[in-house]
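Scroll down for the structure; my scribbles are underneath it.
Every number in this text was worked out from the coordinates using simple rules, so none of it is lab data. On a predicted model such as this, the values are computed, not experimentally measured, just so you know. Quick reminder, even Gly has a Cβ in these numbers, built from the backbone with ideal geometry, and neighbours come from all protein chains shown.
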Amino acid sequence: MNSSNGSGNVDIDIPRASSAGAAGIPIDIDNRSGETSVEYGQ
Amino acid sequence: MPTPALHDQRPPQPPAQPPAQSGGPRPAPARPLNLSPGARTGVRAAIAIVAALAVLTALTAVAFGFAAGLRTHQETKTADLPADFSALTVTGLGANVSVRADDGARAPVARLTYTGSGSAPGIDIRSDKRGATVGVEGERGVIGSSSAQLEITVPAAMAASLPLSLDAKSGAVEVDGGAWKRIAGTAGSGVITVHTKADALELSASSGILNVKGEYGTADLRAKSGAIHSESLWVKRRASTQVSVGTANLDLSSGAPPQQGISATTDSGSTKLIVPRPGKDAKG
């Protein structure tokens, strides 16, 4: 996972080891002054 | 030599009283207005005229509303689209537009249902080498208490190879069912709702709303001050979202993760990504 944050807030609620996924799925987050969150679904 | 007092023996002081009112002159008691009998009659007449005008205005408004209600009617128009075209563009100016890929349809057709007091607008169908464009006639669309519902039906086999372009403007456009080759659209201040399948989905909204469900090869969703809502969304290759001051809620948990990844760009808005748990390799 690539995550860049300016003056905002990023909340990643998944284990970093698996955040790229077992299959290596990349997640790119570019948060400037807003709010970004990542979590697992059901 | 004076000894310092351990306790203050002075009696407690009463709380400070607000300053007394200044002794200015008291206002004189109101006295009844003395009018001559003629003036009194004039005032009564003026009050009666104003009251009569108010009642008359209210009755006129009720009468006009009742008459308008009597003139309201529903009208339906149907128009055939060209038998063959390479792309379909749908505009939703001032109308609710639904686009459907139907297994049972034999030819593309548009059907307008109008409800209002005036005459129904026509179905605007234009065709050139770039494809067919369908909407409701008129520069301002259907406004006021009137409403128009435009339903566009395309044979499912034809839709599967068609690029579909949506321009909601201030109206609402919905794509439901079937599968399309590619869907692109701008919501403006309106609403775009898609619940279908396509190889590529590319939607943007200024202050409008994007509602997304279904299965797509790629999904690129953007909003300035608008909102992106998604549920039961399965993106197979790449999902991306971008918001300025708007909000994005991207629920990708119903299927396998996009193979090429997910990207989310947020300026001062908010983005919520819901991703599949590891090991999820099929939709369900």
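Averaging Cα coordinates gives a centre for region B:234-256 and one for region B:151-175; these two points are 21 Å apart. Rg and Dmax of region B:187-284, based on Cα coordinates, read 12.4, 39 Å. Mean per-residue shielding of peptide B:74-85 is 0, counting Cβ atoms of other chains within 10 Å of each Cβ.
The HN-Hα couplings worked out from phi for region B:253-268 by the Karplus form 6.51 cos²θ - 1.76 cosθ + 1.60 (θ = phi - 60°) are 7, 7, x, 5, x, x, 4, 9, x, 10, 10, 9, 10, 10, 7, 10 Hz, whole numbers, x standing for Gly and Pro. Near B:Val175, the amide H atoms lying under 5 Å from its own belong to B:Val99, B:Thr193, B:Val194, B:His195; only residues 5 or more places off or on other chains count, and H is placed 1.01 Å from N.
Which loop-located trypsin sites (Lys or Arg not before Pro) does region B:202-284 contain, where loop means any DSSP state but H, G, I, E or B and the Cβ has at most 13 other Cβ atoms within 10 Å?
Working: sites: B:Lys213, B:Arg222, B:Lys224, B:Lys236, B:Arg237, B:Arg238, B:Lys272, B:Lys280, B:Lys283; in loops: B:Lys224, B:Lys280, B:Lys283.
For trypsin sites (Lys or Arg not before Pro) across region B:202-284 that sit outside H, G, I, E and B with at most 13 neighbouring Cβ atoms in 10 Å, the list reads B:Lys283.
Per-residue 3J(HN,Hα) values for region B:98-103, derived from phi via the Karplus relation 6.51 cos²θ - 1.76 cosθ + 1.60 with θ = phi - 60°, read 10, 10, 9, 9, 10, 4 Hz in sequence order (x marks Gly and Pro). With Cβ to Cβ distances under 10 Å as the rule, what net charge do the other residues near B:His229 carry (K, R +1; D, E -1)? Net charge around B:His229: -1. Here the Karplus curve 6.51 cos²θ - 1.76 cosθ + 1.60, taken at θ = phi - 60°, turns the phi angles of region B:189-204 into couplings of 9, x, 10, 10, 10, 10, 9, 7, 10, 6, 5, 9, 10, 9, 10, 9 Hz, with x standing for Gly and Pro.
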